[in-house]
Amino acid sequence: MSTAQKEVDNRRRQLRKWINDHFPNTAAFVARYQLNQGEISGLLKTKSFGSRKARNLEEAVGMPFRYLENVDEDSPLGPGITGDNIGEAPEIRGLVPVISWVQAGAWAEICDNFQPAEAEEWLPCPRPHGPNTFALKVQGASMEPKFQDGDIIFVDPSREADHGKHVVVRLDDEKRATFKQLIIEGGESFLRPLNPDWPDKVIRVNGTATICGVVIGKFVPV
């Protein structure tokens, strides 16, 4: 097989991976971005799929630049490699944008028109997640010891914000979002820091806050 054909086949795999990671089926992907169903079906099967077409598609649907050129085998460990001190790597389920806390506070309003270049960076998320999932860099010590300053948290707006969940919330009089544990007791909602030494122990938020998403995991940079 020629190098050019291998590149085309890889783009098809990456497109299929993106759809599977972010949507229940191809029809939902097409509908979300008002794409041509026949065109996308063709790209997934036998239609010409050159680099220019790949860049145009990436831009149209908000993929990271050159996402369709990614080759899974280039992972430092490769699929399924294990060793005495190396466990099975988690399945990567799509890239999500690392955004600011101000962007997080308005995410419901801006996510549909969010451009790839507006993210601080894009990171792979190893957990199943909705299409509008984003990531944030933890700031401060209010959620220590479980979450340290500089940790990356993955936040899914489609998850149910149940009692005890860690949530990203925007208070009505603030532009920036905040990160706390959600407590629901007796029909009332509160935000609580995990740090026992934090001065503001509990914030009552009944009708005065918007939940931007539920934390589904974290990444610790080294």
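The values are calculated or read from the model by the stated rules, or taken from the named source; none is laboratory data. No experiment lies behind these values; they were computed from the predicted model shown. With ideal geometry, Cβ positions are generated from the backbone for all residues, glycine too; neighbour counts draw on all protein chains shown.
Listing for the model above:
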quantity	calculated
Of all residues in segment 198-222 being in contact with an Asp or Glu (Cβ under 6 Å, 6 or more places away or on another chain) and outside any strand (DSSP E or B), the one that is surrounded by the most Cβ atoms within 10 Å (Cβ to Cβ)	THR208
Identity of the residue in segment 3-27, under 22 Å from the mean Cα position of the chain (by Cα), hydrophobic (A, V, I, L, M, F, W, C) and modelled with pLDDT of 85 or more, that ends up surrounded by the fewest Cβ atoms within 10 Å (Cβ to Cβ)	ALA27
Verdict on GLU109 being surrounded by fewer than 14 Cβ atoms within 10 Å (Cβ to Cβ), touching a strand residue (DSSP E or B) at 6+ places or on another chain (Cβ under 7 Å) and assigned by the TED database to the domain that holds PHE190	no
Residue that is nearest to the chain's Cα centre (by Cα) [pool: residues in segment 47-105 that are on the phi > 0 side of the Ramachandran plot and at pLDDT 50 or above]	GLY94
Selection count, segment 37-66, where residues are among the small types (Gly, Ala, Ser), assigned to a helix (DSSP H, G or I) and exposed (fewer than 12 other Cβ atoms within 10 Å of the Cβ)	2
Selection status of ASN195, farther than 23 Å from GLU121 by Cα, in contact with a strand residue (DSSP E or B) (Cβ under 9 Å, 6 or more places away or on another chain), in a loop (DSSP other than H, G, I, E, B) and not small (Gly, Ala, Ser)	no
Residue within segment 179-189 that is under 22 Å from GLN103 (Cα atoms) and outside any strand (DSSP E or B) present	no
Test: residue in segment 154-162 that is closer than 30 Å to ASN20 by Cα, outside the structural domain of ALA28 (by the TED database), among the charged types (D, E, K, R) and crowded, with 18+ Cβ neighbours inside 10 Å	yes
Pairs, first more than 24 Å from ASN132 (Cβ to Cβ) and without any contact (Cβ under 8 Å) to a residue 40 or more places away in the chain in segment 26-49, second surrounded by 12 or more Cβ atoms within 10 Å (Cβ to Cβ) and among the polar types (S, T, N, Q), C-beta under 9 Å, six or more apart	SER41/THR26; LYS47/SER41
